[in-house]
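**Student:** Can you keep this structure in mind? I'll have questions shortly.
The values are calculated or read from the model by the stated rules, or taken from the named source; none is laboratory data. What you see is a predicted model, and the numbers here were worked out from it, not measured in a lab. Cβ sites come from the backbone with ideal geometry, for glycine too, and all protein chains shown count toward neighbours. For accessibility, only protein heavy atoms count, side chains too; no ligands or nucleic acids. Shrake-Rupley method; radii C 1.70, N 1.55, O 1.52, S 1.80 Å.
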Amino acid sequence: MPTTRDHREIVIIDIAGGASGKAGGLLAQWAYPSNLVGLSYSLHAELAKEHDGKTRWGYRETNCGQLVVRGRALTEKNEKKVESGNSESLKKRSTAALSKLKAAKIPEDLDWIEPDLLRAYESMSGPGETAQVHPYLFTTSMANLAEEKGAKTILGQVTDILRPNGSVESVTYIDKTSGESHTIPATDVIVAAGPWTQRILPEVPIEGMRAHSVVIQPTTPVSSYALFTNIEIPANFHPSKRSRPTVAAPEIYTRPDNTVYACGDGDKNVPLPSTSAEVEVNEVLCQDIIDQVGSISDELRDGEVLTRQACYLPNCIGTGGPLVGLTHTKGLYLAAGHTCWGIQNGPGTGKLMSEFVFDGKAKSAKIESLDPRDQL
């Protein structure tokens, strides 16, 4: 938001604080859209190197694969583990169990999945193609780094972007702390509000889809993996009579802080609320995820559930998205609709938006296919 020709004041109005922090944090060269992924993946690595992302926000490369596995009834448990005070992953299993992993071509360090239950494993990426961050630590670190460079962050609810004569003029918001309404002049406004984008710009074809997730601290440290699972649910899975799916597909991401993030399918049962603080969490759906991942791993079944949560993914209606670039209004830009790849594509999107504002066009990637004007 320029204030003079030679000085630009940047103000970040955070309207959905904490929403991105509930994501999985997977980074992948094989994500989409391909014209944005390469730039953003490289920027993640550069940011981590420059600002000690390994320590500050849990940046690391990780294994990634698809796992087909049979779930157990919740009353079943493997009592044949080798008890050991050694925290090294390979010391938790007997020689016989490790032999089963090897025979099934399962990576030996995936020994926290019960070997008798495994059906198949297929790697989804090669070395250097998949990484991860802790989303909450990453987003808050980026905000702190921006503030160190002079940006100002405000927790507020945007109520209007004044744009007379086809040009941005000001932004009006309600301060979440004081409850007061303020209007600030602006020449450039970037709307990056995820699923809340339509609340600010009703004409933008983006809708929200709720997704539940849990964070579990396993009983012992587990190896670094992002797993896309296919779990066969047995008829006697749960003592309750509630209807259960015959196949479940939770995603499981282990983190360097010795926690495990797991998420389930999305739903549209509850409309998008006004703020992220009002997101409704369905405890039953969270418990389903806990039961599903616990059915294939004693480390997860016996671990401590730290968090049960939900957030909304921003999906572009009628197109894969995201929408990144200029709108039909001078000085108004859009960067939203990233679906489940918002954390992955955040750095690349940010760099491109800076180029739109300061240079008038995207220079670091060819993103004509993401032009918002084709959808507005």
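**Student:** Six or more apart or on different chains, Cβ under 6 Å: which pairs go from a residue in segment 186-206 that's in a loop (DSSP other than H, G, I, E, B) to one that's of a type in the set (Val, Ile, Thr) and open to solvent by 20 Å² or more (accessible area, probe 1.4 Å)? Could you list them?
**Tutor:** Hits for this filter: ASP188/VAL357; ALA193/ILE200; PRO205/ILE317.
**Student:** Within the set of pairs 6 or more residues apart or between chains, which connect a residue that is closer than 18 Å to ILE174 by Cβ inside segment 1-22 to a residue that is crowded, with 17+ Cβ neighbours inside 10 Å and at pLDDT below 75 with Cβ atoms less than 6 Å apart?
**Tutor:** VAL11/MET1
**Student:** How many residues does segment 356-369 contain that are open to solvent by 80 Å² or more (accessible area, probe 1.4 Å) and free of Cβ contacts under 8 Å to residues at least 40 places away in the same chain? Break it down into steps so the answer makes sense when it comes.
**Tutor:** Just the residues of segment 356-369 that are open to solvent by 80 Å² or more (accessible area, probe 1.4 Å), to begin with: 358-359, 361, 363, 366, 368-369.
If we keep only those that are free of Cβ contacts under 8 Å to residues at least 40 places away in the same chain as well, we get 358-359, 361, 363, 368.
The total comes to 5.
**Student:** Now, a different point. Show the residue pairs meeting these rules: Cβ distance below 9 Å; 6+ apart or different chains; first residue within segment 260-280 and closer than 10 Å to TYR312 by Cβ and without any contact (Cβ under 8 Å) to a residue 60 or more places away in the chain; second residue assigned to a loop (DSSP other than H, G, I, E, B) and open to solvent by 100 Å² or more (accessible area, probe 1.4 Å).
**Tutor:** Short answer, once both residue conditions are applied: PRO273/GLU280.
**Student:** Here's another thing I want to ask about it. Against the definition (more than 27 Å from GLY266 (Cβ to Cβ) and in a strand (DSSP E or B)), how does TYR121 come out, yes or no? Can you show your working first?
**Tutor:** On the way: more than 27 Å from GLY266 (Cβ to Cβ): no; in a strand (DSSP E or B): yes.
Answer is no for this residue.
**Student:** Counting only residues that are within 19 Å of ARG8 (Cα to Cα) and open to solvent by 20 Å² or more (accessible area, probe 1.4 Å), how many does segment 327-355 have? Quick ask: steps written out before the conclusion?
**Tutor:** Here is the first cut: in segment 327-355, the residues within 19 Å of ARG8 (Cα to Cα) are 330-333, 350-355.
Restricting the remaining residues to those that are open to solvent by 20 Å² or more (accessible area, probe 1.4 Å) gives 330, 350-351, 354.
The qualifying residues number 4.
**Student:** From the residues in segment 264-280 that are open to solvent by 30 Å² or more (accessible area, probe 1.4 Å) and part of a loop (DSSP other than H, G, I, E, B), which one is farthest from THR229 (Cα to Cα)?
**Tutor:** First, the residues of segment 264-280 that are open to solvent by 30 Å² or more (accessible area, probe 1.4 Å): 265-266, 268-272, 274, 277-278, 280.
Okay, now just the ones that are also part of a loop (DSSP other than H, G, I, E, B), so 268-272, 274, 280.
Values: LYS268: 22, ASN269: 24, VAL270: 26, PRO271: 28, LEU272: 28, SER274: 33, GLU280: 26 Å.
Per the stated criteria, the residue is SER274.
Let's see how each residue does on (1) out of contact with any Gly (no Cβ under 6 Å at 6 or more places or on another chain); (2) under 22 Å from CYS311 (Cβ atoms); (3) modelled with pLDDT of 95 or more; (4) among the basic types (Lys, Arg):
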{"position": "ILE206", "(1), (2), (3), (4)": "no, yes, yes, no"}
{"position": "HIS212", "(1), (2), (3), (4)": "no, yes, yes, no"}
{"position": "GLN217", "(1), (2), (3), (4)": "no, yes, yes, no"}
{"position": "PRO221", "(1), (2), (3), (4)": "yes, no, yes, no"}
{"position": "PRO239", "(1), (2), (3), (4)": "yes, no, no, no"}
{"position": "ARG244", "(1), (2), (3), (4)": "yes, no, no, yes"}
{"position": "ASN258", "(1), (2), (3), (4)": "yes, no, yes, no"}
{"position": "ASN269", "(1), (2), (3), (4)": "yes, yes, no, no"}
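**Student:** Test LEU376 against the stated conditions and say whether it is more than 18 Å from the chain's Cα centre (by Cα) and open to solvent by 30 Å² or more (accessible area, probe 1.4 Å).
**Tutor:** It is true that LEU376 is more than 18 Å from the chain's Cα centre (by Cα) and open to solvent by 30 Å² or more (accessible area, probe 1.4 Å).
**Student:** Where residues in segment 111-144 are hydroxyl-bearing (Ser, Thr, Tyr) and open to solvent by 30 Å² or more (accessible area, probe 1.4 Å), which of them is farthest from GLY53 (Cα to Cα)?
**Tutor:** Initially, segment 111-144 is screened for residues hydroxyl-bearing (Ser, Thr, Tyr), giving 121, 123, 125, 130, 136, 139-141.
Among the residues that remain, those that are also open to solvent by 30 Å² or more (accessible area, probe 1.4 Å) are: 121, 123, 136, 139-140.
Numbers: TYR121: 30, SER123: 26, TYR136: 13, THR139: 11, THR140: 12 Å.
The qualifying residue farthest from GLY53 (Cα to Cα) is TYR121.
**Student:** In segment 191-232, which residues are of a type in the set (S, T, N, Q) and open to solvent by 60 Å² or more (accessible area, probe 1.4 Å)? Please lay out each step first, then the result.
**Tutor:** Of all residues in segment 191-232, those of a type in the set (S, T, N, Q) come to 197-198, 213, 217, 219-220, 223-224, 229-230.
If the condition is that a residue be of a type in the set (S, T, N, Q) and open to solvent by 60 Å² or more (accessible area, probe 1.4 Å), then GLN198, GLN217, THR219, ASN230 are the ones that fit.
**Student:** For segment 53-67, which positions are open to solvent by 70 Å² or more (accessible area, probe 1.4 Å), out of contact with any Phe, Trp or Tyr (no Cβ under 9 Å at 6 or more places or on another chain) and of a type in the set (D, E, K, R)?
**Tutor:** Correct list: LYS54, GLU61.
Condition check ((1) small (Gly, Ala, Ser); (2) at positive phi; (3) not in a strand (DSSP E or B)) across all residues:
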position	(1), (2), (3)
GLY17	yes, no, yes
LEU27	no, no, no
TYR32	no, no, yes
VAL37	no, no, yes
SER42	yes, no, yes
GLU46	no, no, yes
LYS49	no, no, yes
GLY58	yes, yes, yes
VAL68	no, no, no
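**Student:** Restricted to segment 174-190, and to residues that are among the acidic types (Asp, Glu) and under 28 Å from the mean Cα position of the chain (by Cα), which residue is surrounded by the most Cβ atoms within 10 Å (Cβ to Cβ)? Talk me through it step by step, then tell me what you get.
**Tutor:** Quick first cut of segment 174-190, residues among the acidic types (Asp, Glu) only: 175, 180, 188.
Now drop any that are not under 28 Å from the mean Cα position of the chain (by Cα), which leaves 175, 188.
Numbers: ASP175: 14, ASP188: 17.
In this case the residue turns out to be ASP188.
**Student:** Considering only segment 151-208, state which residues are within 19 Å of PRO273 (Cβ to Cβ) and touching a Cys at 6+ places or on another chain (Cβ under 7 Å).
**Tutor:** ILE206
**Student:** Please determine, by comparing only the residues of segment 145-173 that are open to solvent by 40 Å² or more (accessible area, probe 1.4 Å) and among the hydrophobic types (A, V, I, L, M, F, W, C), which one is nearest to the chain's Cα centre (by Cα).
**Tutor:** Residue satisfying both the conditions and the ranking: LEU155.
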